[in-house]
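S.K.: Quick one: structure below, then a few questions.
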Amino acid sequence: MLRVMSENVNLYKDGGVNVNFIGSASNGEDHIVRKIFYFLRAIFLLLREFFKSNVDVVHIHSALKGSLSRKIVFSFICLILRIPYIFHVHNGRFFERYLSENSVRRFFIRRALSGAKRVVVLSQHMRNIAIDSGTVRSDQCALVFNGIADPLSESPPRIRTLNDTTKLVFMGLISVEKGIPVLLDAVEFLTNQGEILDVCLYGEKDLDLEGEVASRNLGKSVTFGGWIGGDDKQFAFEHADIFVLPSRSEGFSVALLEAMAYGLPIVSTSIPGVVDAIRNGVDGLLVPADNASALAHAIRKLTRNSSLRARFGNAARHRYLNNFSVHKMIREVSLIYFDVLNVG
């Protein structure tokens, strides 16, 4: 999401905000020495801007693990220098994980959060847990949904043709947490019932499932496309009939927003984050997580009804435009900046 923000600097400027993006991490495959260098470089750049009097507020983006440790350091730097900062949480299970941490780590996380002028979360569920657990004050916690640039801003949605084979697309990490084993169970059930499916899973692999796909005779129905971006991603979305996201947990899925923006009907799980975006029976179908039978029935309901797919897809597209555009997200973030600084 930080990449989306950095690619739309002009939208900040249009709203009277000048931003300077400082990355604190290198590529995940880099050597530890290079990672340390990037982290120290980020600290140097922040201090340089501070001493040049170029900083009014710092917007800290954090997930978990290494990201959180780095951002705690930035939070303490801001506290020492008395720079107002915003702590933006990008992991849907952040507060559950916080409550399970040891007392020492909880102390540092709690201090980083309590010192923030605002703690920004991605879903209503995250906000409820943050407040109900006493981790964040209600007046301190702000809900800002993720937003993306409209991929169809310069071209209308492609008219989808009817085919004998229904094409389903998943984009994300190929993992247990994303529900991929459950999806394979659902696909196996449907193919055994005579359904003709073309399911393409795009993303990096946390699980090696090719052997399992072959052993279950799903090779004609399930393919792995690897990580894709740019024109390849656009082609995949434009030639899909259904977007499926069988996750166990989500913060606020960018891939889900992309599918909505392309006008795809959604089959997903009724979990926090997803339920903020998808209205069951309006933009798509939601089923319980880890329920292969319910997932299979939802997929079959859409594969057998092209008019329902079109209706859900149109609704998803309009919901994206009204609620999850990058313009709306940046406008809401900018208002938080002004509120923190008591401007306007």
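The values are calculated or read from the model by the stated rules, or taken from the named source; none is laboratory data. Predicted model, so just to flag it, every value in this text is computed and none were measured. Cβ atoms come from the backbone with ideal geometry, glycine included; neighbour counts cover every protein chain shown.
S.K.: Identify, please: which residue in the range 40-96 is farther than 18 Å from V119 by Cβ and of a type in the set (G, A, S) and is, among those, farthest from the chain's Cα centre (by Cα)?
M.R.: So, considering only residues that are farther than 18 Å from V119 by Cβ and of a type in the set (G, A, S), the one farthest from the chain's Cα centre (by Cα) is S53.
S.K.: Which of the residues that make up the range 307-340 are among the polar types (S, T, N, Q) and in contact (Cβ under 8 Å) with a residue 60 or more places away in the chain?
M.R.: Selection gives N323, S325, S334.
Here's the yes/no breakdown for (1) at pLDDT below 95; (2) out of contact with any strand residue (DSSP E or B) (no Cβ under 6 Å at 6 or more places or on another chain); (3) on the phi < 0 side of the Ramachandran plot:
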| site | (1), (2), (3) |
| --- | --- |
| S24 | yes, yes, yes |
| E49 | yes, yes, yes |
| H59 | no, no, yes |
| R111 | no, yes, yes |
| S123 | yes, yes, yes |
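S.K.: For the range 286-306, which residues satisfy the criterion of being touching a residue at least 40 places away in the same chain (Cβ under 8 Å), in a helix (DSSP H, G or I) and touching a helix residue (DSSP H, G or I) at 6+ places or on another chain (Cβ under 9 Å)?
M.R.: Residues satisfying the conditions are A292, S293, L295, A296, I299, R300, L302, T303.
S.K.: Still on this structure: Considering only the range 1-119, give the helices (runs of 4 or more DSSP H) lying wholly within it that have at least 3 residues that are buried (at least 17 other Cβ atoms within 10 Å of the Cβ).
M.R.: Of the helices (runs of 4 or more DSSP H) lying wholly inside the range 1-119, those with at least 3 residues that are buried (at least 17 other Cβ atoms within 10 Å of the Cβ) span 32-51, 66-81, 94-99, 103-114.
S.K.: Give me the strands (runs of 3 or more DSSP E) completely within the range 167-280, filtered to those with at least 2 residues that are within 18 Å of the chain's Cα centre (by Cα) and at negative phi, ordered by residue number.
M.R.: 197-202, 242-245, 266-269
S.K.: What number of residues in the range 323-335 are part of a helix (DSSP H, G or I), of a type outside the set (A, V, I, L, M) and under 18 Å from the mean Cα position of the chain (by Cα)?
M.R.: 4
S.K.: Suppose we keep only residues that are polar (S, T, N, Q) and outside any loop (DSSP other than H, G, I, E, B) within the range 120-142. Which one would you say is nearest to the chain's Cα centre (by Cα)?
M.R.: Q124
S.K.: Return the total of residues in the range 254-289 being at pLDDT below 95 and surrounded by 24 or more Cβ atoms within 10 Å (Cβ to Cβ).
M.R.: Residues meeting the conditions: 1.
S.K.: While we're looking at this one, here's another question. Output the number of the condition that E250 fails; it satisfies all remaining conditions of (1) surrounded by fewer than 21 Cβ atoms within 10 Å (Cβ to Cβ); (2) within 18 Å of S175 (Cβ to Cβ); (3) among the acidic types (D, E).
M.R.: Going through (1) surrounded by fewer than 21 Cβ atoms within 10 Å (Cβ to Cβ); (2) within 18 Å of S175 (Cβ to Cβ); (3) among the acidic types (D, E) one by one, E250 breaks only (1).
S.K.: Another question, then. Inspect the range 37-46 for any residue being under 19 Å from I336 (Cα atoms) and among the small types (G, A, S) and give the result as yes or no.
M.R.: no
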